[in-house]
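Please read the structure below before turning to the comments.
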Amino acid sequence: MELRVRDGRAVLAGEDESGEREVDPHSLPLGADLAEALHEWAKVADAVVRTETPADGVANALIARRGKQLAGRIAAVMNSPVLYTDPVTGELVSVDAPESPASAGPEPEVLSEEEPEPTPWGTGLTVSLITAAIVTVTVVSLSLGLGETSRWLALVANVLVVGGLAPSVWLGRRVPVWRWVAYGVVAGVLVAWLSLILTLL
């Protein structure tokens, strides 16, 4: 099959039993968008060829490049090579059908994205330890200070503090950086409560 420009219209030429035959792209199963794009390209190419002054190199290059792109789209739809006749220079070029994505190998970026990042245990545990120490000291100090007034007040304060921290801890448990802070908060609250229980004995 060969892509040509004939009187401002794109035609596809091919051999059959009666010899060479030119057909309109709309008569083939190429899709309306591709057929319209072919005719628009052919009109521009015909206008450039019909001008009295020869077209400059930029116009020729644009027409040739667009024609090869459209020939490549035809080759992809028809799944066979397409010959392309440049309407300005008359050069005949063969455009092969592009490879299907399934036959192409996987892209390096895709493979690198699938590799999991190493867990920063050293930094993460340090953050958790510091957070646990801060939470432990805060909860114990608050509880002991309020416990001198009323043990029930200290208990209510503990419930309110833990209840206020719980939503943040729950949301941060799967976020890569904040999960270490969440672990530290949970550990700090548990250590503080254990310390408070031991002080009651």
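The values are calculated or read from the model by the stated rules, or taken from the named source; none is laboratory data. Source: prediction; values computed, not measured. Cβ sites come from the backbone with ideal geometry, for glycine too, and all protein chains shown count toward neighbours. These area figures cover heavy atoms from the full protein model, side chains too; ligands, DNA and RNA do not enter into them. Shrake-Rupley method; radii C 1.70, N 1.55, O 1.52, S 1.80 Å.
Modelled spin labels at TRP121 and ARG9, positioned 7 Å past Cα toward Cβ, are 7.5 nm from each other. Solvent-accessible area of THR85, all protein chains in place: 30 Å² (probe radius 1.4 Å, heavy atoms, ligands and nucleic acids excluded). Straightening the chain between HIS39 and THR149 buys 30.6 nm, computed as 0.36 nm per residue apart minus the Cα-Cα spacing.
Working with all protein chains in place, sort GLU22, GLU15, GLU2 by solvent-accessible area computed with a 1.4 Å probe, largest first.
Numbers: GLU22 70, GLU15 145, GLU2 30 Å².
Of GLU22, GLU15, GLU2, the descending order of accessible area is GLU15, GLU22, GLU2.
The label-point distance for VAL93 and ARG66, in a model that sets each label 7 Å from Cα toward Cβ, rounds to 1.5 nm.
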